[in-house]
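Here, each number is a calculation from the coordinates, and none is a lab measurement. Only a predicted model underlies this, so the values are computations on that prediction, with no experimental measurement involved. All Cβ positions, even for glycine, are placed from backbone atoms using ideal geometry, and neighbour counts span all protein chains on display.
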Amino acid sequence: MDRIVAGIVHGCKLSNAALLGGETAEHPGTMKEDEFDLAGFVVGVVERDLMIDGSMIRPGDKILGLESSGPHSNGFSLIRKLLLKDGKHLPSDPEQIKFLKDYALKPTRIYVQSILKLLQKVPVKGMVHITGGGYQENVPRVLPKGSQAKFYKDKIPSGYFFEKIKRDYKLDELELFGTFNMGIGYMLVVSKEHVDIAEEFLESTGESVHKIGEIVSGNREEIQLV
């Protein structure tokens, strides 16, 4: 329990959040003694005139991607199906166990500090946290009607974890980008006049940043992968 709370406290520090409280409930007969279920949430406050809702996004704007540390707690239904025996038990192969530990279970990268600093420097039109549902479900949420996200696959640093999943299990592109973050945990939409400034500044904060796409005219509910 001490390690769990310490991890939560560390995450709060990284995200400028206050840990206000919590409770521990025991469920004998429902969960095993060595099992636990952890849930948490964050409430934020923003001035109405400072809200970034994507309404100013236009064709020609650029998409910057900040690298993820791994799957970021998303896509684990598929990960369990692919990597665990019967979707439940650890594999017998030590290399598979090491792969799970070193890549699948890496802590989620928290971008709060870098993004807050960037917002003081550059006008940002849209922000997307790539969580469950990957690109297909998350990106359209910030786009106004008549705009569409176009991504350049060769600019997306999918990295070892996602490349191995794709290669070993023969997953198609749509399933990958509709499930995982594919190496990009957070996206920003900025004008072409500000994209270089934003990229340089974010790199100065320690982020690994890539120009991964742009906004074009089209159906916002669909994404382009070229």
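When the stretch 157-201 is filtered for residues that are under 13 Å from the mean Cα position of the chain (by Cα) and in contact (Cβ under 8 Å) with a residue 40 or more places away in the chain, the ones remaining, listed by number, are Phe177, Gly178, Thr179, Phe180, Asn181, Met182, Gly183, Ile184, Gly185, Tyr186, Met187, Leu188. Filter the stretch 122-141 down to the residues that are touching a helix residue (DSSP H, G or I) at 6+ places or on another chain (Cβ under 8 Å) and either polar (S, T, N, Q) or closer than 18 Å to Asp49 by Cβ (or both) and list them by number. Scanning the stretch 122-141 gives Val122, Val124, Gly126, Met127, Thr131, Gln136. Is it fair to say Phe99 is among the aromatic types (Phe, Trp, Tyr), without any contact (Cβ under 8 Å) to a residue 24 or more places away in the chain and on the phi < 0 side of the Ramachandran plot? When the stated conditions are applied, Phe99 does not pass them. Here is the figure for the stretch 46-65: residues that are in contact with a Gly (Cβ under 6 Å, 6 or more places away or on another chain) and closer than 18 Å to Asp196 by Cβ total 1. Scanning the stretch 3-38 for residues that are among the polar types (S, T, N, Q) and touching a residue at least 24 places away in the same chain (Cβ under 8 Å), which turns out farthest from Arg109 (Cα to Cα)? Here the answer is Asn16. Taken over the stretch 48-57, the criterion of being under 22 Å from Ser191 (Cβ atoms) and exposed (fewer than 10 other Cβ atoms within 10 Å of the Cβ) is satisfied by Asp49, Leu50, Met51. Say we look at the stretch 145-156 and pick out the residues that are surrounded by 15 or more Cβ atoms within 10 Å (Cβ to Cβ) and part of a loop (DSSP other than H, G, I, E, B); which of these is nearest to the chain's Cα centre (by Cα)? If we take residues in the stretch 145-156 being surrounded by 15 or more Cβ atoms within 10 Å (Cβ to Cβ) and part of a loop (DSSP other than H, G, I, E, B), then Ile156 is nearest to the chain's Cα centre (by Cα).
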